[in-house]
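Here the structure comes first, spelled out in structure tokens, and everything after it is commentary.
The values are calculated or read from the model by the stated rules, or taken from the named source; none is laboratory data. Values in this document were obtained by computation on a predicted structure and should not be read as measured data. Note: ideal-geometry Cβ built from the backbone for every residue, glycine included; neighbour counts use all protein chains shown. The protein model used for the area step is the full one, side chains on, heavy atoms only, and it has no ligands, DNA or RNA in it. Shrake-Rupley method; radii C 1.70, N 1.55, O 1.52, S 1.80 Å.
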Amino acid sequence: ELEQFDLLIKARFVEMFGSIYDNKFGYNVRTLQDVCEPIKDGTHQTPTYIDDSINGFKFLSSKDVTTGKIDWNHLKYIPEELHNKLYKRISPRKGDILLAKNGTTGVAAIVDKDEVFDIYVSLALIRPLDIVVSEYLCSAINSTETKKQFDGSLKGIGVPNLHLGEIKKTQIIVPPIELQNQFAAFVAQVDKSKFAVQKSLDEAQLLFDSLMQEYFG
């Protein structure tokens, strides 16, 4: 059911905006660097991790966005001194988009809550200007046609690597902001339904685990 909700969002996107290849609605076509603040990636230095989730600071990499949603449950942590250094260069905020550029490439996720965190080089931070809405832009980046553009520009042998230069020149359709807001409202409604389904799944899992403990110890 959760997968069907994701497909519903993709279908609604195509219905409202079409494809960049035919652009049947005649919308403007821009590059990502045209519609965003300067796109940067995270630190290229492999950090020293700590096990202290209370005093440490959250550190995200491409493995945390593989589903198109940020997984906040399996994060690594870095010390405060390193965080302060990294945060001066890149300070992610709610509404930004994280794009996986190493390993699992081309998957984007919206920063969906106010969190202080830092990112690794395997992630690019994309902050939309006021001509695009985060929910629309994220779906545009995750679309099939953008994926094809990314796949055609992958660099390196072995672990795939998507360079910032290639990300910046990737093209998307930019429809009127009113239509983008309509799409964002639709995504928000679907997300509410997904949350309800996930909550039921979690409750069922807790009940199952409880019964297993009761009967089998």
Residue count, segment 147-177 (criterion: at pLDDT below 90 and either among the basic types (Lys, Arg) or at positive phi (or both)): 3
Residue list for segment 90-121, filter: within 20 Å of Val35 (Cα to Cα) and among the aliphatic types (A, V, I, L, M): Ile90, Ile97, Leu98, Leu99, Ala100, Val107, Ala108, Ala109, Ile110, Val111
Qualifying residue in segment 181-195 (condition: within 26 Å of Lys101 (Cα to Cα), charged (D, E, K, R) and open to solvent by less than 40 Å² (accessible area, probe 1.4 Å)): no
Condition check for Thr170: open to solvent by less than 10 Å² (accessible area, probe 1.4 Å) and of a type in the set (Val, Ile, Thr): yes
Helices (runs of 4 or more DSSP H) contained in segment 70-157 and holding at least 2 residues among the acidic types (Asp, Glu) and surrounded by fewer than 19 Cβ atoms within 10 Å (Cβ to Cβ): 80-89, 144-151
Set Pro47, Pro38: member being modelled with pLDDT of 95 or more, more than 20 Å from Asp114 (Cα to Cα) and assigned to a loop (DSSP other than H, G, I, E, B): Pro38
Among residues of segment 1-14, those that are among the acidic types (Asp, Glu) and open to solvent by less than 80 Å² (accessible area, probe 1.4 Å), counted: 1
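Let's see how each residue does on (1) farther than 21 Å from Ala100 by Cβ; (2) touching a residue at least 40 places away in the same chain (Cβ under 8 Å); (3) among the acidic types (Asp, Glu):
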| residue | (1), (2), (3) |
| --- | --- |
| Tyr49 | no, no, no |
| Ser53 | yes, no, no |
| Gly56 | yes, no, no |
| Ser61 | no, yes, no |
| Val65 | no, yes, no |
| Gly68 | no, yes, no |
| His74 | no, no, no |
| Ile78 | no, yes, no |
| Asn84 | yes, no, no |
Residue list for segment 15-54, filter: exposed (fewer than 13 other Cβ atoms within 10 Å of the Cβ) and either aliphatic (A, V, I, L, M) or within 30 Å of Glu80 (Cα to Cα) (or both): Val29, Glu37, Pro38, His44, Gln45, Thr46, Thr48, Asp51, Asp52, Ser53, Ile54
Check on Ser91, among the small types (Gly, Ala, Ser), over 14 Å from the mean Cα position of the chain (by Cα) and modelled with pLDDT of 95 or more: yes
